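Asks: Here you go, one structure.
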Amino acid sequence: MNKDGSVSSGSESMDFLRTLDRAESLSAAQKWPDAALVWQRVVAANPVEGRFWSKLAEAQYHARDLQGAIVAYERALDLRDGYPAETAYHIARAQALLGDPEEALASLKYALDLGLRDLQRAASDDAFASLRDDARFRDLVGLVDLTDLARDERWRYDLRFLAREVKRRAYDAFRHAPVERFDAATVALDAAIPDLSDWHIIVEMNKLLRPLGDGHAWIWPPDDDEVFWQTIPLQFFLFEEGLFIVAAEPIHADLLGGEVLRFGERTAAEAMAAVDAIVHRDNHNSQWPKQITPRLLRVTPLLQALGISVASDEVALTIRELSGGTRVVALPGEFRSPNAATWPYPEGWRFIPETLPGPRPLYLRNMHAAYWFTFLRDQSVVYFQFNAVRDEPTESLSAFSERLLQFIDGHDVEKLVIDVRWNNGGNTFLALPLLHRLIGSKVNRRGALYVIIGRGTFSAAQNFTNYLERHTEVIFAGEPTGSSPAFVGETVGFELPCSKTSVNVSDLLWQGTWPMDYRPWIAP
C-alpha cells in the first residue's frame, strides 16, 4: 500500500498473474462459461496481447456466445495473434453457425486469402453444414462431384485447383520466375492432358513447381497407389565416380557395388538429368538433388513418363560389376510404399558395408535412430549422430541433449563431433534446448566442436546448422548442406480433389542467418 492509499503496481501485477492463471486453468478444464468471464477480466487489464483475445474468443465460442466470440476473434486478428488465417477461419465458423451465410463465405474467403492451410478440414467441418450445397463454398474448399467428370476433366479440375493453391499458398511464389511463365505453362499442360499418361501429368505438374525455389515442394501419387509406386529392388548412391548400387534385395546381392552405366538406352548421366527436371531445391542449391535423384531413379512408371525407359513395369540396367565386367540386367518394378524405410535400405535388404570385413564405420551404424552418441575414450572424443529433429518415444530430444551434455561435462572430453549428414529435418524448435546447452558447454571453443554436414542436411537440420554457425565456434566438415541458409520451407501438404494426388507448397520463410545471406548452402 502506498502512502496515498493507492495499491502498488506490484500488487496489481500479482493480481493480474493470479487472474491469468485462473483463466488458463478454467480453459484447460474446458469450463467455458466460467473461463469466458475470467478471460474478459484478463483482456480488460491487458488489451494489447493478442493471445488473450484468442483465448477469450475460444471460451466464448465453446460457451455458445458466438457474437462475443466474433468480436474477440476480430480483435485477435487485428493484433495478428498466431496464424491470422486460422483466426479468420474461426470467425467464418461462428458466422455460419449464427445463420449468416454471406458473412461466413466472405470470412472464409478472407481466410483463404491469408493462406489458410487445411481446406479438407473446412470441407468436412460441421460448422459449415448449412453451406455444403452452396457452389461458392464448394469451389472455395475444393469439393467436387466426380460422378459426371471424365478422366481428362478430372485432371483439368486438379490442374486449375493446383494453380490456384500455388498462387494462394506459396511464399513469394514468383520471385525466381514471372507469374506469366507459370500461367503459360499451366495453359499448355491443360491442352496436353488428353495425350499424357497419369504419371506424365504428375511429371509436368512437378515441372510447374520447379521455379518456386522451394525444396519442400512435391506432387506425388498417394502412398498406397500400387500402380504408381512400382520400384526396382535396388538402392543407388551418387558418388563423385558415378552412380553405384549400395543396397539390394538378397536375390540381387550380386549387384552390390556395381556402377550403373545406363538405364535402358539412356546413360546414367542422361537419366539423372531427366529426373533432375522434377526435383525441387532451395534457391540455387545443387546438393539436395544428389540426395533425391538416385531414389527416384528406382520408380519404373516415372522412368517411363520421363522417357528414360520404354516399359512402366521394368527397366534394363547396364552395370559395370566389381570384377570389371559389364552386363545388362532387366529388373521388374514392384509396389513398395514410399513411406517404407527405404534409406539406407528397407528391412531385409543387403547393404554393401555389411558385406565388407571389419565393423561398420560410425556414420553407417545407427542410421535409423534419430540420435545417439558414443565416447571414443582413446581420442577423448564424443561422436554424436543426429539423424532427425524429432522426439523418440523412449527419450525426448531435450532429455537426450541434457544427458549428452552432462556426460561431456562429467568426462575427459576434449572434442565433440556432431554428424548431421543424414538429417533431413523435422521440428526446428525441438533442437533449441540442444543448441542452448552447446552454447554454454566446454566444447564451445575453436577446435573442440565439429559438425559433419552433407547433401542430406536439410530443412530443420539446416536451421540447426545455421544456429551453430552463428552462435558457436563450430568447424564444419563434409559436403555442402542440402538446404540454403535462408530458405522457403514447410510441410503443409494437401490433396488435389479428383486424383487425390499429394501436393506440398511451402508458405514460410526461414531466415536463421542474416537478411543478406544469399548462399546456396553452408560449406565445409
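The values are calculated or read from the model by the stated rules, or taken from the named source; none is laboratory data. In this text, all values refer to a predicted model and were calculated from it rather than measured experimentally. Because the Cβ atoms are built from the backbone with ideal geometry, glycine has one as well, and the counts that use them run over all protein chains shown. Just the protein is used for accessible areas: all its heavy atoms, side chains included, with ligands, DNA and RNA removed. Shrake-Rupley method; radii C 1.70, N 1.55, O 1.52, S 1.80 Å.
Asks: Compare the peptides 200-209, 304-313 by average per-residue count of other Cβ atoms within 10 angstrom and give them in order, highest first. If you can, show how the numbers build up before the last one.
Replies: Working: 200-209: 20.8, 304-313: 18.5.
Highest mean packing first, the order is 200-209, 304-313.
Asks: Over the heavy atoms of TYR467, what accessible area does a 1.4 Å probe trace out, to the nearest 10 Å²?
Replies: The accessible area comes out at roughly 50 Å².
Asks: How big is the antiparallel share of DSSP beta bridges in the chain, given as a percent to the nearest 5? If you can, show how the numbers build up before the last one.
Replies: Values: 40 of 54 bridges.
Once the DSSP bridges in the chain are tallied, antiparallel ones form about 75 percent.
Asks: Here's something else I'd like to know. Residues with beta-carbon under 15 Å from that of SER396, excluding SER396: net charge, scoring Lys, Arg +1 and Asp, Glu -1?
Replies: On the way: positive: ARG390, ARG403, ARG437; negative: ASP391, GLU392, GLU395, GLU402.
Summing Lys and Arg as +1 and Asp and Glu as -1 gives -1.
Asks: Shifting gears a bit: What label, among (1) 38, 30, 25; (2) 46, 36, 19; (3) 41, 33, 22, belongs to semi-axes √(5λ) of the Cα gyration tensor in Å computed from the structure on display?
Replies: (2)
Asks: If you stretched the chain out fully between ALA188 and MET14, how much longer would it get, using 0.36 nm times the residue separation minus the C-alpha to C-alpha distance?
Replies: 56.1 nm
Asks: If you average 1/r over all unlike Cα pairs in segment 309-374 and invert the result, what Kirkwood radius do you get in angstrom? Each step should come with its number before you reach the end.
Replies: Details: mean 1/r = 0.0656 Å⁻¹.
The answer is 15.2 Å.
Asks: So what are the three principal axis dimensions of segment 197-320 from its Cα atoms, in whole Å, longest to shortest?
Replies: 41, 32, 26
Asks: Leaving out ligands and nucleic acids, note down the accessible area per residue over the chain with a 1.4 angstrom probe, in whole Å². Walk me through the numbers on the way to the answer.
Replies: Working: 24100 Å² over 524 residues.
That works out to 46 Å² per residue.
Asks: Compute, for LEU105, the solvent-accessible surface of its heavy atoms (probe 1.4 Å) with the complete set of protein chains present, and express it in square angstrom to the nearest 10.
Replies: 10
Asks: How much accessible area does TRP53 have with a 1.4 Å probe, in Å² rounded to the nearest 10?
Replies: Estimated to the nearest 10 Å², TRP53 gives 40 Å².
Asks: Where Rh is the Kirkwood radius over the Cα pairs of segment 326-423, the temperature 4 °C and the viscosity 1.567 mPa s, what D in µm²/s does Stokes-Einstein return? Show your work: numbers first, answer last.
Replies: On the way: Rh = 16.2 Å.
D = 80 µm²/s.
Asks: Can you give me the Cα centroid spacing of segment 113-143 and segment 427-505 in angstrom?
Replies: The two parts, judged by their Cα centres, are 35 Å apart.
Asks: Give me the extension gain from LYS442 to ARG136: residue separation times 0.36 nm, minus the current Cα-Cα distance, reported in nm with one decimal. Let's see the in-between values first.
Replies: Numbers: separation 306, 0.36 × 306 = 110.16 nm, distance 6.14 nm.
My answer for the length gained is 104.0 nm.
Asks: Still on this model: Using a 1.4 angstrom probe with every protein chain in place, what is the largest-first accessible-area order of ARG281, ARG151?
Replies: Values: ARG281 30, ARG151 90 Å².
Order by accessible area, largest first: ARG151, ARG281.
Asks: Considering all projection directions equally, how large on average is the shadow of the alpha-carbon convex hull of segment 242-288, in square nanometres? Please report the intermediate quantities before stating the final value.
Replies: On the way: hull surface 17.2 nm².
Mean shadow area of the hull around the Cα atoms is 4.3 nm².
Asks: Using heavy-atom solvent-accessible surface (probe 1.4 Å) with all chains present, what is the largest-first order of SER380, SER398? Intermediate values should be presented prior to the final figure.
Replies: On the way: SER380 15, SER398 55 Å².
Ranked list, largest accessible area first: SER398, SER380.
Asks: How many lysine pairs in the chain, separated by 8 or more positions in sequence or lying on different chains, have Cα atoms less than 25 Å apart?
Replies: 9
Asks: Further question on the same structure: Please give the contour-minus-distance gain from LEU362 to ARG80: 0.36 nm per residue of separation, less the Cα-Cα distance, rounded to one decimal in nm.
Replies: Details: separation 282, 0.36 × 282 = 101.52 nm, distance 4.70 nm.
Length gained, LEU362 through ARG80: 96.8 nm.
Asks: I would also like to ask the following. Could you state the principal axis extents of the C-alpha atoms in segment 24-108, from the largest down, to the nearest angstrom?
Replies: Sorted largest first, the three principal extents are 35, 23, 18 Å.
Asks: Among the GluC sites (Glu not before Pro) in segment 270-372, which ones are in a DSSP loop with at most 11 other Cβ atoms within 10 Å of the Cβ? Mind listing them? Show your work: numbers first, answer last.
Replies: Numbers: sites: GLU270, GLU314, GLU321, GLU334, GLU347, GLU354; in loops: GLU321, GLU347.
Here the GluC sites (Glu not before Pro) that fit, given the DSSP loop and packing criteria, are GLU347.
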